[in-house]
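Inspection log for the structure reproduced underneath, given as structure tokens.
What follows is calculated from the coordinates using simple rules that are stated; it is not laboratory data. Just so it is clear, the structure is predicted and the values come from calculations on it, not from any experiment. Cβ coordinates were reconstructed from backbone atoms using ideal geometry, including for glycine residues, and neighbour counts include every protein chain displayed.
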Amino acid sequence: MSFRTEIQARKQMKKIVLILTSLILILAILLTIWHKNIDSATGIAIKIDDTEKIIPYSTLEKMSRTSFKTKRGEEYTGYKLMELLKDYDLQDMKYLILHSEDSGSLRLNKEDHNNAYLIWQSDSERPSLRLIIPTDEFGQRWMKYLTTIVLHK
């Protein structure tokens with residue numbers, strides 16, 4: 001093999017290694033996204049400190065529902081957010097951060113999450129939750145496709 005063909009073979013090998021590395025990276029990203037979608041399809045994640053618990057939608061369906069009216073006059077039936085979080089020690093909690101499937105996030109202080117409700121999202125192909133704060137006149141803090149609630153102390 002001549003020196004020139006050896007250099008070309010090495011360049012070709014570098015290209016192949018670069019392409020394979022890129023494909024592995026893309027596959028890892030896709031698997032992470034797929035895993036997140038599987039979790040959000042089965043329930044809502046509650047995170048506190050370094051632990052995460054998935055509360056299945058079936059558990060949520062067994063909770064008692066409350067009817068409420070928004071400042072705009074719309075009527076809904078849903079679950080009180082605090083009822084969902086009743087098993088957690090919330091006395092030292094300062095705020096919640098809620099995350100949605102479409103990468104939205106919302107910070108709620110103690111006063112806000114005491115008046116927050118979760119309802120079933122009606123325009124979704126699979127089960128998903130919507131956060132509603134009835135005191136918001138324009139729904140500026142309402143959130144569709146809720147996936148995760150992070151409790152901060």
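Per-structure values
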quantity: Per-residue HN-Hα couplings for segment 129-145 [Karplus 6.51, -1.76, 1.60; θ = phi - 60°; Hz; x = Gly/Pro]; calculated: 10, 10, 8, 10, 10, x, 7, 6, 5, 10, x, 5, 10, 6, 9, 8, 6
quantity: Whole-Hz couplings from phi, Karplus 6.51/-1.76/1.60, listed for segment 104-118; x for Gly and Pro; calculated: x, 9, 8, 9, 10, 7, 4, 4, 6, 6, 6, 10, 10, 10, 10
quantity: Under 26 Å from K144, Cα to Cα: lysines that are on another chain or at least 8 residues apart; calculated: K36, K47, K53, K62, K69, K71, K80, K86, K94, K110, K153
quantity: Residue with peak Gaussian network fluctuation, the chain [Cα springs, cutoff 10 Å], from L81, L18, L98; calculated: L18
quantity: Neighbour-limited loop hits for trypsin sites (Lys or Arg not before Pro), segment 12-114 (at most 12 other Cβ within 10 Å; DSSP other than H, G, I, E, B); calculated: K71, R72, K86, K94
quantity: Pair M63, D123: separation of 7 Å Cα→Cβ label points (nm); calculated: 2.4
quantity: Fraction of beta bridges assigned by DSSP in the chain that are antiparallel (%, nearest 5); calculated: 90
quantity: Neighbour cut-off at most 15 other Cβ (10 Å), DSSP loop, chymotrypsin sites (Phe, Trp or Tyr not before Pro), segment 44-153; calculated: Y88, F138
quantity: Shape metrics for segment 43-152, restricted to C-alpha atoms - Rg then Dmax, Å; calculated: 13.1, 40
